[in-house]
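Each remark here refers to the structure printed beneath this line.
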Amino acid sequence: MENLRNSQAATPESVWAILMETAQLQREYRAEAEKSRIEAEKSRIEAEKRMKKLEELTGSLANNQGFFAEEYFFNSFESGKTNFFGEKFDVIKKKVTSVWQGVEDEYDIVLYNHSSVAIIEVKYKAHKNDIPDVLKKVETFKILYPYYKDFKIYLGLASMSFYPELEQECIEQGIAVIKQVGDKVVINDANLKAF
């Protein structure tokens, strides 16, 4: 362009040369832009892969913690000869799952005898938001296992740790608080309700 300004008159050849140079610069710019876009896309895909792997690892850790808590409480109940809530239970099962007429639920630990059922929901670290899910277990259990609909059903929330507000809310709702204290399992069923 500098040549055009310095010359007295533009010739068709000089205009053509400028147009050709501009077209070449545009092609180079588009090629650079495409290369940058491809690199950015590769970086985004790689970042997504790393994020997915991290999510899988985090999920595995949470699952392992939950599995540990379930095994810990199940083994504690089993070795305790299933005397809970002032009753002797004859059978203890873990991971009881059922689906019937569109209703599906899983029960972490279930204890049975001739007139009562105890459903224990296990969390590695329980939260107040878990209480509605625990209470709903009575409703789904009666639907999925109609044989037990006239049995007394007790509920418990077992966790490796409880904070005071959660423990108080469980007690107010009639749910047994089952927690690890040192190397023992402690059950607070002072206000236990038969559902």
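Distance in nm between label sites at GLU34 and LYS93, each 7 Å beyond Cα in the beta-carbon direction?
The two pseudo-label positions are separated by 6.4 nm.
Determine, for each peptide in 127-136, 29-38, the mean count of other beta carbons within 10 angstrom over its residues, then list the peptides with the highest first.
Put in order of decreasing packing, that is 127-136, 29-38.
Once log10 I(q)/I(0) by the Debye sum over Cα atoms at q = 0.08, 0.12, 0.16, 0.18 Å⁻¹ is worked out from the coordinates, which option in (i) -0.44, -0.70, -1.00, -1.19; (ii) -0.22, -0.51, -0.95, -1.24; (iii) -0.26, -0.59, -1.09, -1.38 does it equal?
Computed from the coordinates, log10 I(q)/I(0) by the Debye sum over Cα atoms at q = 0.08, 0.12, 0.16, 0.18 Å⁻¹ corresponds to (i).
Return one number: the angle in degrees, 0 to 90 and rounded to the nearest 10, between the long axis of the Cα atoms of helix 131-144 and the longest principal axis of the Cα atoms of the chain.
70
Which of SER116, MET160, SER43 sits farthest toward the positive end of the charge dipole of the chain, with +1 on the Cβ of Lys and Arg and -1 on the Cβ of Asp and Glu?
Among SER116, MET160, SER43, the one farthest towards the positive end of the dipole of the chain is SER116.
How much length, in nm to one decimal, is gained on full extension between ARG27 and GLN168, taken as 0.36 nm per residue of separation minus their Cα-Cα distance?
Here the answer is 43.6 nm.
The numbers here are math on the coordinates, done by the rules we state, and not lab data. What you see is a predicted model, and the numbers here were worked out from it, not measured in a lab. Don't worry about glycine lacking a Cβ; one is built from the backbone with ideal geometry, like all the others, and counts go over all protein chains shown.
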